[in-house]
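Written below as structure tokens is the structure these notes are about.
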Amino acid sequence: MITPVSQMSLEGLIELYCQLGAQQDLAERRGEIAKFNRLVDRVTEIENELGRRPGDQRTVLLKLYGHAVMQVRLNAAKGTMKVAPAEARKQLELIAESKWYPQAADAGMYLYVIDGKFDKPRR
Amino acid sequence: MSARDALWRDRHRVRWLRPDASRWIKPDATAFLRPGVAVASVFPTMEAKYNSNQPRVPAGSSEGGQWTIGGEGGDIAFDPPGFDLSTLLDFDKVIEGLSDLSSDLSSIFDFLAGEDSGDSGDFTFVAGDEPDVSVSDNAAPPVQLISDANGSGNEDKPPNIPEDKPERRKDRMQVVKDAANWLARNAGRMTIAADIFQGAVNQAEWLKGYTDAIRTYRDEPKNLEDLQRRVELPSDAGYQNHHIVEKSSARASNISRDLIDSPDNLARIPTLKHYEITSLYMRKSIPGPDGAEISLRQYLQDKDFETRRLFGLETMRKVGVLK
């Protein structure tokens with residue numbers, strides 16, 4: 001049985017967040033895009049739950065900038081865009097320049113979209 | 001280390017090393033040794049040079065008088081005595097990593113349902129859904145850890161190359177992609193390890209059909225004219241023709257076929273980069289209008305041809321095929 005995120009401790013949420021990122025990494029490498037996308041929704045669910053907690057707990061994701069799995073770093077950078085935009089942008093730039101694919105390309109396109117002459121992000 | 005571990009390690013050491021691995025040792029290889037390590041203990045051939053005591057093939061044969069490494073009888077097969085890669089790479093750690101990987105793989109992959117449709121189209125995508133990994137299983141997937149170069153303190157371990165061809169397409173895809181990515185990350189900075197790993201890739205019979213794709217993944221970015229000029233050439237192993245504006249989604253949006261099929265919309269790029277771009281279009285990875293992430297394909301579905309082309313060129317830059 002999976003515990004709803006609203007009932008999970010902060011530590012539990014962070015651990016789950018990292019596990020989901022690692023599973024995304026594997027899914028992408030195996031070409032399981034549908035699974036990857038479902039995992040994105042679960043990652044977003046945790047970010048939303050952190051945002052609902054007192055003081056907007058998404059700031060705890062900042063410590064994941066140094067995580068050993070690049071997908072977790074990427075998720076954390078995107079997940080902190082609202083609460084620490086300067087740090088998040090710096091992290092996305094680092095990932096984009098890292099040549100660690102596919103996350104480098106993801107980070108690059110994310111920045112391209114939010115900086116572009118196209119639709120602006122509203123997250 | 002138990003005797004069983006040692007046997008396992010030795011088996012993999014043989015598996016990972018070509019018998020003639022010394023041929024891939026670069027002249028600057030000693031720069032990678034730990035301080036204090038005797039060069040001869042790791043690279044006996046580099047220190048050998050002239051040695052008056054080195055045995056020669058006895059007179060009386062066609063090779064009489066030539067230097068030999070083996071004993072009497074002129075065994076000219078090179079079997080480097082004391083070639084100890086562990087001094088160079090901490091091979092035990094690499095092997096331990098592979099062992100962990102294997103066990104993780106088996107536990108993680110057990111939940112996967114469904115089989116492949118065959119050998120064709122490895123670089124296509126799994127359209128059908130499979131059961132999600134239950135997070136409560138608490139099993140850590142075999143992840144690629146970020147290496148020292150990125151400041152994490154982890155090793156960028158070479159991925160496992162199974163001796164036998166994995167039955168499922170997704171497993172083959174993972175091996176091929178991991179190998180290509182690892183070589184791309186390490187070919188420049190870990191020359192010896194990369195050369196040896198390349199040797200292991202070349203040794204795996206089942207990977208023969210993928211070596212061109214693995215090789216071309218390391219191509220340097222080129223300008224658009226070069227990539228488009230190649231489209232006119234005969235097909236080339238390791239490359240595929242790529243539509244800069246995605247063909248199927250553009251057709252679904254009623255964009256003119258003349259534009260979609262125009263030579264100006266085509267570029268020949270490395271196969272695995274083609275895969276990466278397609279994956280990038282399909283994965284939820286950019287911010288959507290309501291805050292949730294959406295795929296690039298979703299983002300572009302109501303955009304005109306020119307906007308799609310701008311994005312198409314940008315994705316080519318982001319994956320490193322276009323200057």
Checklist entry - If you go through the stretch B:283-323 one residue at a time, how many are within 9 Å of chain A (Cβ to nearest Cβ) and either out of contact with any strand residue (DSSP E or B) (no Cβ under 6 Å at 6 or more places or on another chain) or surrounded by 18 or more Cβ atoms within 10 Å (Cβ to Cβ) (or both)? => result 23
Checklist outcome for this item: Checking B:P162, B:P158 in turn, the sole residue that is modelled with pLDDT of 75 or more, away from chain A (no Cβ under 11 Å), under 23 Å from A:K35 (Cβ atoms) and assigned to a loop (DSSP other than H, G, I, E, B) turns out to be B:P162
Next on the checklist: Against the definition (under 26 Å from A:S98 (Cα atoms) and either in a helix (DSSP H, G or I) or more than 11 Å from chain A (Cβ to nearest Cβ) (or both)), how does B:Q240 come out, yes or no?
Outcome noted: yes
Checklist entry - Just to be sure, is B:D219 modelled with pLDDT under 95, among the acidic types (D, E) and out of contact with any Lys or Arg (no Cβ under 6 Å at 6 or more places or on another chain)? => result no
Checklist entry - Among the numbered criteria (1) over 16 Å from B:G238 (Cα atoms); (2) crowded, with 20+ Cβ neighbours inside 10 Å, which single criterion is violated by B:D171? => result (2)
Item to check | Single residue of the stretch A:76-102 satisfying the filter (under 11 Å from the mean Cα position of the chain (by Cα) and within 10 Å of another protein chain (Cβ to nearest Cβ)) that is farthest from B:Y275 (Cα to Cα) | outcome: A:M81
Next on the checklist: With the structure loaded, tell me whether B:P270 is surrounded by 23 or more Cβ atoms within 10 Å (Cβ to Cβ) and more than 9 Å from chain A (Cβ to nearest Cβ) or whether it fails that test.
Outcome noted: yes
Checklist entry - Would you call A:D25 surrounded by fewer than 21 Cβ atoms within 10 Å (Cβ to Cβ), within 9 Å of chain B (Cβ to nearest Cβ) and assigned to a helix (DSSP H, G or I)? => result no
Checklist entry - Would you pick out the residues in the stretch B:243-262 that are part of a helix (DSSP H, G or I), free of Cβ contacts under 8 Å to residues at least 40 places away in the same chain and closer than 20 Å to B:E314 by Cα? => result B:K247, B:S248, B:I260
Checklist entry - Which of the residues belonging to the stretch A:54-107 are in a loop (DSSP other than H, G, I, E, B), touching a residue at least 24 places away in the same chain (Cβ under 8 Å) and surrounded by fewer than 24 Cβ atoms within 10 Å (Cβ to Cβ)? => result A:D56, A:H67, A:M81, A:K82, A:V83, A:A84, A:S98
Checklist entry - Pairs under 6 Å by beta carbon, first residue among the hydrophobic types (A, V, I, L, M, F, W, C) in the stretch B:194-219, partner outside any helix (DSSP H, G or I) and surrounded by fewer than 18 Cβ atoms within 10 Å (Cβ to Cβ), six or more apart or different chains? => result B:A194/B:A187; B:W206/B:K165; B:A213/B:G238
Item to check | Filter result for B:S136 (over 19 Å from the mean Cα position of the chain (by Cα), outside any loop (DSSP other than H, G, I, E, B) and at pLDDT below 90) | outcome: yes
Next on the checklist: Could you check the stretch B:264-317 and list, in sequence order, the residues that are of a type in the set (G, A, S) and not in a strand (DSSP E or B)?
Outcome noted: B:S279, B:G288, B:G291, B:A292, B:G312
Item to check | Yes/no for B:T278 being more than 27 Å from A:T44 (Cα to Cα), within 12 Å of another protein chain (Cβ to nearest Cβ), surrounded by 15 or more Cβ atoms within 10 Å (Cβ to Cβ) and not hydrophobic (A, V, I, L, M, F, W, C) | outcome: no
Item to check | Where B:N265 falls short, out of the listed (1) within 14 Å of another protein chain (Cβ to nearest Cβ); (2) under 16 Å from B:T315 (Cβ atoms) | outcome: (1)
Item to check | Pair list, Cβ under 7 Å, 6 or more apart: the stretch B:300-314 residue over 9 Å from B:I244 (Cα atoms), other residue surrounded by 18 or more Cβ atoms within 10 Å (Cβ to Cβ) and among the basic types (K, R) | outcome: B:L300/B:R308
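One line per residue, one yes/no per condition, for (1) at pLDDT 95 or above; (2) of a type outside the set (G, A, S); (3) out of contact with any helix residue (DSSP H, G or I) (no Cβ under 7 Å at 6 or more places or on another chain); (4) farther than 23 Å from B:E225 by Cα:
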site: B:L272; (1), (2), (3), (4): yes, yes, no, no
site: B:E276; (1), (2), (3), (4): yes, yes, no, no
site: B:R283; (1), (2), (3), (4): yes, yes, no, yes
site: B:P287; (1), (2), (3), (4): no, yes, no, yes
site: B:D302; (1), (2), (3), (4): no, yes, yes, yes
site: B:E306; (1), (2), (3), (4): no, yes, yes, no
site: B:R309; (1), (2), (3), (4): yes, yes, yes, no
site: B:L313; (1), (2), (3), (4): yes, yes, yes, no
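The values are calculated or read from the model by the stated rules, or taken from the named source; none is laboratory data. This structure is a prediction, so every number in the text was calculated from the model and none was measured. A quick note on method: Cβ atoms are made from the backbone with ideal geometry, for glycine too, and the neighbour counts reach across all protein chains shown.
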